[in-house]
Amino acid sequence: MRGRMAPSIAPAPTPLARQLADGGRPGRPGALDAFQVARRAFLKGQRIEMQALAAELGTSRVTLHRWVGSRDLLLAEINWSMANMALAHAREQTTSQGGAGVAETIERFLNLVLDAPYIRSFVSREPEIALRILTTQRSPFQARLVSAVETMLREETDAGRLDPPMELDDLAYVVVRLAESFCWADFIVSEVPDPHKARLAIAALLR
């Protein structure tokens, strides 16, 4: 049984999502060019404007939307490209195993996210849009993070280091929601973000 707690309602893949998954098409301008230009601007802490991006690429806004989908979808791809690398790095640095290892990875990942000035700039500048992209099923970001966490849980389960208390897909969703709650606490409940509390809560869940 899958998806009981978190049914997938993410939009269909855009040409950008397909090209990113395929490794791109060198020499052919289009979606990847838009992604790279927008990503460079995002890393500088700049706001992404679709009209300005289209003008910089020498194309129309209609064509840009055909390439990357909505502005939200483009921002989701940009954020996931960095989050995916951060999560992989956090996993490589993790020294614990089992549920404690998953919890440690999440703490390391959240610290990397909170330490990234471009992420904090984005969330501070556009809190409603940022949280919609990063923490809801209205963009592919959360679904991909849940999938990545499910992979970690499955690896620990298959290795005999974790006895999951529920179905892995549902468990991964709960872990991600816990992580989100502590990572974006300042925007959600006006409290200080605390990745270590996220680690403690996740470790307790996976004990």
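The values are calculated or read from the model by the stated rules, or taken from the named source; none is laboratory data. On a predicted model such as this, the values are computed, not experimentally measured, just so you know. Note: ideal-geometry Cβ built from the backbone for every residue, glycine included; neighbour counts use all protein chains shown.
Results, tabulated for the structure shown:
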read-out: Of all residues making up the stretch 182-207, the number that are out of contact with any Cys (no Cβ under 8 Å at 6 or more places or on another chain), within 17 Å of Arg120 (Cβ to Cβ) and assigned to a helix (DSSP H, G or I); value: 6
read-out: Residues satisfying the stated conditions in the stretch 51-95, i.e. on the phi > 0 side of the Ramachandran plot and crowded, with 17+ Cβ neighbours inside 10 Å; value: Gly69
read-out: Filtered residues of the stretch 103-160 (kept if within 14 Å of the chain's Cα centre (by Cα), polar (S, T, N, Q) and farther than 19 Å from Arg199 by Cα); value: Thr136, Gln137, Ser139
read-out: Qualifying residue in the stretch 200-207 (condition: closer than 30 Å to Leu74 by Cβ and at pLDDT 95 or above); value: no
read-out: Failed item, numbered, when Thr59 is tested on (1) modelled with pLDDT of 95 or more; (2) out of contact with any helix residue (DSSP H, G or I) (no Cβ under 7 Å at 6 or more places or on another chain); value: (1)
read-out: In the stretch 95-138, the residues that are in contact (Cβ under 8 Å) with a residue 60 or more places away in the chain and not in a helix (DSSP H, G or I); value: Gln97, Glu126, Gln137, Arg138
